[in-house]
Amino acid sequence: MANLQTLPNELILRILGQFDVARVLALGQTCKRFHSIAFSKSAWVNIVLDLRARAFIDRRLAPDPGRLTSQELIALVKRVVQGPISWNLLPGANTIAPKISARAVIDIQRPREINYRRLHLLPGGEHLFLLQDDVLECYAVVDGHRVWTSQSHSPEHRVLDLATELASDDKILALMILSPRHPAQERKTCLELIELVVRSGSSTQLFWLQIDDVQPTHATVFLAGDHFMFDPNSTLSPGQLVFAVGNWRKGTIGAVSVPTSGLISESLADGFLGLLTTHDTNELFVKRLSIVDVAQVSTMVTIKPNEPVELRAIHFLPVASFASTLTVDFEAPREGSNHSISTFTIFKNPLSDDTSRIWFSLTTFPAPPAASPTSEALHRLSLSYPLRGERRLELRRSYSSTIWRDAYKIFFSGHTQTTAHPTFRTERDGHSKKLLIHPDIADIAPVMVKYCDGENPPGVPSLWSSPYSGNWAYFSANRIIINYFE
């Protein structure tokens, strides 16, 4: 610290530019001089520019951070942590009053008959993907123009699901599950990773994998850095659910098996995968969250160019066989085995590198003739997962409530202290309410938007929340509406 004290302020600012926010704040607590540097406008301009570049802050909120005051810059960073300011508890009250400050409208081309539609909001707020039945499109939010469509990129395939990552300000990585339109090839499922240049609308294929032994009607895919995870949502081995984990850059793949009755949900992040499972022995019945090093799985088999892969031909690794797995157990009623809600989301922590926030909800209904009540829980955990050094998984807080008992979908916004999540309930007037719920209170915020039942098929969510910013998007006829909260 003595050597650092001798450096000029300009050089210290450059050093702080290499720190994450948590380390900048920690340094600011050591002495008056470092406090004045750490809380200077120059330091916070650099912080906001970094968070904006990594899509934690929407560009529309800080088009030119240099024009903002120090207090406004700090408020932007607080918003990333706590959510929009109107989500905070009202002074002296046990309630919240969210306010919509702005709205974006995107006109879309809608087919005459449509059975399914879904939005995929990208962090940073500049682009979104729209999946209508089996056609995928990318739109720019600022002016509503269509950037790209799968119909021109791969017209012979249907798009079933996707996962995305921002590669840079101008490039998006999109991993798609594709199924051939020709009936004779319907069991030949493909994974394609493209790099989309949004300014030109051009796309380049980075990875292609054909899987011959699954028909993924309800398959899901995840993308995180160099790794991907593919869950065919089908039983490939008696009594076992199998999903694939691979490294698209190295061209390798592995397979993980979980007992059919054991898997609740899964998610993938950069460097690790998270699994929610049920463990039932004579002595123990728990729901277990496990964190597994993705490298243990993804390098089992090398993918040969232009050759299909059969997941059945890959040796399945049971979850219990992984070394150095971090776990946390949660008690649950043994009688309950049906899970109405099992939302599981991993968010990068914008304040601290190598750490993540984990949110998941779980509702368990007791199986007849059990008389135990329905169990509902919402859990928040913190994960420290550095490349080197100690790794830790800690339960921060658990919530138990009946508020979301009637919900059929929960979205987490990624915030920590005032984390809010929208839910959906069917009302007698034929509409659905989108509810913003503060985990610390039982009050429900005012209704933000409504939609007609004809907009989406029954059971399909009509509202989507973007990570970190907390923006809400929904359909209204042939339009996508995005609400921005104050």
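Quick notes
- Filtered by the rule that a residue be closer than 21 Å to A163 by Cβ and among the hydrophobic types (A, V, I, L, M, F, W, C), the range 270-288 gives F272, L273, L275, L276.
- Leading residue by the ranking (farthest from the chain's Cα centre (by Cα)) among those in the range 1-60 that are of a type in the set (S, T, Y) and assigned to a helix (DSSP H, G or I): S36
- Residues in the range 74-99 that are in contact with a Phe, Trp or Tyr (Cβ under 8 Å, 6 or more places away or on another chain), in a helix (DSSP H, G or I) and either among the basic types (K, R) or surrounded by fewer than 21 Cβ atoms within 10 Å (Cβ to Cβ) (or both): I74, V77, S86.
- Of the residues making up the range 272-286, none is in a loop (DSSP other than H, G, I, E, B), touching a Gly at 6+ places or on another chain (Cβ under 8 Å) and either in contact (Cβ under 8 Å) with a residue 24 or more places away in the chain or farther than 24 Å from T345 by Cβ (or both).
- Breaking point among (1) at pLDDT 85 or above; (2) touching an Asp or Glu at 6+ places or on another chain (Cβ under 9 Å), for K78: (2)
- Once the range 121-158 is narrowed to residues that are within 17 Å of I194 (Cα to Cα) and aliphatic (A, V, I, L, M), the residue that is surrounded by the fewest Cβ atoms within 10 Å (Cβ to Cβ) is V135.
- Residue satisfying all of: in the range 297-323; in a helix (DSSP H, G or I) and within 15 Å of V258 (Cβ to Cβ); modelled with the highest pLDDT among these: V297
- Comparison of G274, G254 shows that the only residue that is crowded, with 20+ Cβ neighbours inside 10 Å and within 15 Å of A224 (Cα to Cα) is G274.
The values are calculated or read from the model by the stated rules, or taken from the named source; none is laboratory data. This structure is a prediction, so every number in the text was calculated from the model and none was measured. Reconstructed Cβ throughout: ideal geometry from the backbone, glycine too, with neighbour counts over all protein chains shown.
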